[in-house]
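Take a look at the structure set out below.
The values are calculated or read from the model by the stated rules, or taken from the named source; none is laboratory data. On a predicted model such as this, the values are computed, not experimentally measured, just so you know. Cβ coordinates were reconstructed from backbone atoms using ideal geometry, including for glycine residues, and neighbour counts include every protein chain displayed. In case anyone asks, the SASA skips ligands and DNA or RNA and just uses the protein heavy atoms, side chains included. Shrake-Rupley method; radii C 1.70, N 1.55, O 1.52, S 1.80 Å.
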Amino acid sequence: MRELIRNAKLRLLRMHFEARVGHIGGNLSALEMLMTLYHRVLAPDDLFVLSKGHSAGALYTTLWSVGKLREDDLVQFHQEGTSLSGHPPATGIPDVIFATGSLGHGLGLAAGLALGKRLKGAPGRVFCLLSDGEWNEGSTWESLIFAAHQRLDSLTLMIDLNGLQGFGSTREVADLGSLKEKLESFGLDVEAVDGHDALSLERALLQPPTGGRPRALVARSIKGHGVSFMERKMEWHYHPMAAEQYAEAVREVTES
Ligand SMILES: [Mg+2]
């Protein structure tokens, strides 16, 4: 997994550099979660929703690493007419069911999928990756109430708790306090986990649901993880990389 993740990280950096676009910080915080989910956890009947749609690059890179997207696809990232847009589109990409990135809506979609599976008697689990900034959105909390009330234990939330969002730290913008405690008080089965430790993520994701409660992994992570000059820096939410910054990022990841 270590080698796979390093290669995916290099491909992710290249994709963002060549397209000259930002959002690399939040992609780097989520990459291990997506790679672990796709390589070690997802079964054929399982479904995934990327609620933090601005991490589309990490999702595309992950789909490429499992052979669901090709090199020819990745070079189209962010290009005119591409299906690999900066936020996932509703059609044209394997495994992508919904257009996301209008933040705060992915959890409602995932909860609906989980309820749909139950009503149809269909097998499989539903996973949803959210940012921490998305907990500013009332729709996320509504979906949480719904999922707990419906006892949707096939649903697992993965929360990329990097402590930063587009315009500041989550503490400055709208302090969440202990998200773990809040989720527990809503009736979820919650586990805190290191968002960059693939083994811990795998173990936590494979844990079967207990007692009719949706499950949530509060994954502590670092925005810009693995590139020292980007780590924990809000500006890397939006900054595109200059050539020398890209070269430095590649050097660091290659040597990691
Ligand atoms: Mg964040």
Calculate, for ASP197 and GLU255, the FRET efficiency according to 1/(1 + (r/R0)^6) with r their C-beta to C-beta distance and R0 25 Å; round to the nearest 0.05.
-> 0.80
In deg cm²/dmol, rounded to the nearest 500, the helical mean residue ellipticity at 222 nm of the chain, built from -39500 (n - 2.57) for every DSSP H run of length 4 or more, is -12500 deg cm²/dmol
Spin-label pair GLN207/ALA243, simplified geometry with 7 Å Cα→Cβ offset, distance in nm | 4.9 nm
For segment 9-19, in residue order, the Karplus 3J(HN,Hα) values (coefficients 6.51, -1.76, 1.60; θ = phi - 60°; whole Hz; Gly and Pro = x) are 5, 5, 5, 5, 4, 4, 4, 6, 5, 5, 7
Residue separation times 0.36 nm, minus the C-alpha to C-alpha distance between VAL75 and ASN136: what's the value?
-> 18.6 nm
Could you please state, rounded to a whole Å, how far the C-alpha centre of segment 136-162 is from the C-alpha centre of segment 38-108?
-> 20 Å
For GLU231 and LYS68 in one chain, what is 0.36 nm times their gap in residues minus the Cα-Cα distance, to one decimal in nm?
-> 55.7 nm
Ranking HIS149, TRP135, LEU69 by how far each Cα lies towards the positive end of the charge dipole of the chain (+1 on Lys and Arg Cβ, -1 on Asp and Glu Cβ), the top one is HIS149
Report the residue, chosen from GLU80, GLU181, GLU191, that carries the largest GNM mean-square fluctuation when the chain is represented by alpha-carbon nodes joined by springs under 10 Å.
-> GLU80
Ignoring ligands, DNA and RNA, what accessible area per residue does the chain give at 1.4 Å, in Å²?
-> 43 Å²
Residue span ALA90 to ALA43: 0.36 nm per residue of separation minus Cα-Cα distance leaves a gain in nm of 14.7 nm
Once PHE77, PHE186, PHE167 are ranked on solvent-accessible area with the largest value leading and a 1.4 Å probe, the list reads PHE167, PHE186, PHE77
Taking Cα atoms, how many degrees apart are the long axis of helix 106-120 and the longest axis of the chain, rounded to 10 and kept between 0 and 90?
-> 50 degrees
Carbon/sulfur fraction of accessible area - the chain, other protein chains in place, 1.4 Å, % | 52 percent
